[in-house]
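J.: Quick one: the structure is below, questions incoming.
The values are calculated or read from the model by the stated rules, or taken from the named source; none is laboratory data. No experiment lies behind these values; they were computed from the predicted model shown. Virtual Cβ from ideal backbone geometry, glycine too; neighbours counted across all protein chains shown.
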Amino acid sequence: MRIFLLLGRQHQALGLISRALQADPTDVQALASRAHVLAEQGEKPAALQALAQLVSVAPEHSAGWFNYGFLSEDMGLLEQAESAFQRAIALDPQFDRAWYGLALSLIRQRRLEEAITALKKNTELQPMSPYGWYQLARVHVERQESEEAAKIIRHLRRFEPKVADQLERETGLRAARLDVV
């Protein structure tokens, strides 16, 4: 199957995956592969259905819940995404990307206080990744908490100066650069 995917032959890969699922409808790897290929082909509803089947047969599969949440969020199914990310986090509290996904779904639902909590957990788990910090600064700006956003920009300047510059441009904030070591 992988060789078909590497050669760009998704239809043939899907054929192999379908045969594997006929033999064992609970094959978690086949369900995950099916969802991945379908999503790559732009068939998001079918991919989401494959992920729903995956988490149904393997409810302890945190990555399955994360992917279900990710695709749900991408499709605008925000409450479904939120639930899926929470399930992934319940299974693996250290799943930093699930915390980030949860935060994005909360932001889109305008639940900014809860998003801050999720983003703080994400940045605690991935302190050198700029993504959570970026979103956290944006939420603080949205809440008119300019000093909190400026603190994050100063923090980012230490290890991601381009992201700090981008935030300054986007927010209009000019965080003091004097405390950069």
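J.: Look through ARG138, ARG110 and report the one residue that is in a helix (DSSP H, G or I) and among the charged types (D, E, K, R).
T.: ARG138 is the lone residue from the list that is in a helix (DSSP H, G or I) and among the charged types (D, E, K, R).
J.: Is it true that ARG143 is more than 30 Å from GLN86 (Cα to Cα) and more than 21 Å from the chain's Cα centre (by Cα)?
T.: For ARG143, the condition - more than 30 Å from GLN86 (Cα to Cα) and more than 21 Å from the chain's Cα centre (by Cα) - is not met.
J.: Something else: Looking at ASP92, ASP96 in this structure, which one is acidic (Asp, Glu), surrounded by fewer than 21 Cβ atoms within 10 Å (Cβ to Cβ) and within 12 Å of the chain's Cα centre (by Cα)?
T.: ASP96
J.: Further question on the same structure: Can you find, within region 110-130, the residue that is farthest from HIS140 (Cα to Cα) among those that are of a type in the set (Val, Ile, Thr) and buried (at least 16 other Cβ atoms within 10 Å of the Cβ)?
T.: Once the filter is applied, the top-ranked residue is THR123.
J.: Just need a number here: residues in region 22-46 that are over 26 Å from GLU73 (Cα atoms) and either of a type in the set (D, E, K, R) or modelled with pLDDT under 90 (or both).
T.: Of the residues in that region, 2 qualify.
J.: Looking at the structure I just gave you, is GLY42 without any contact (Cβ under 8 Å) to a residue 12 or more places away in the chain and on the phi > 0 side of the Ramachandran plot?
T.: Yes: the conditions hold for GLY42.
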